[in-house]
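Everything below concerns the one structure shown next.
What follows draws every value from the coordinates through simple rules; no lab data is involved. Keep in mind that this is a model prediction, so the values were computed, not measured. Glycine gets a Cβ as well: all are built from the backbone with ideal geometry, and neighbour counts include every protein chain shown.
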Amino acid sequence: MNLHQDTVTTGFKIVCTDCGSLSIKPTDPAHASDDTIIECRHCNAVRGTLADLQVLARRSRDVFEF
Ligand SMILES: [Zn+2]
């Protein structure tokens, strides 16, 4: 398992460190840049950037659905 290693590499928090939620606020890619901040849908904590999320999505395509 190298999922933890990928999390460290991208900096994106799959699980919120504040509330433990997996949910994130939806963003509109058409109006968002790579450095757009992705926030926790539950508590608004910063989970990472859109660029981090995209890297994570590419690497974890078989694990997560977006
Ligand atoms: Zn949260």
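Take the Cα of T17, step 7 Å toward its Cβ, do the same at D35, and the gap between the two points is 2.1 nm. Evaluated over the Cα positions of the stretch 3-59, the convex hull gives a direction-averaged projected area, one quarter of its surface, of 3.7 nm².
Taking the Cα centre of the stretch 3-59 as reference, the dipole from Cβ charges on Lys and Arg (+1) and Asp and Glu (-1) amounts to some 180 debye. Ordering T49, A32, I14 by the projection of their Cα atoms onto the charge dipole of the stretch 3-59, which places +1 on the Cβ of Lys and Arg and -1 on the Cβ of Asp and Glu, puts I14 at the extreme positive end.
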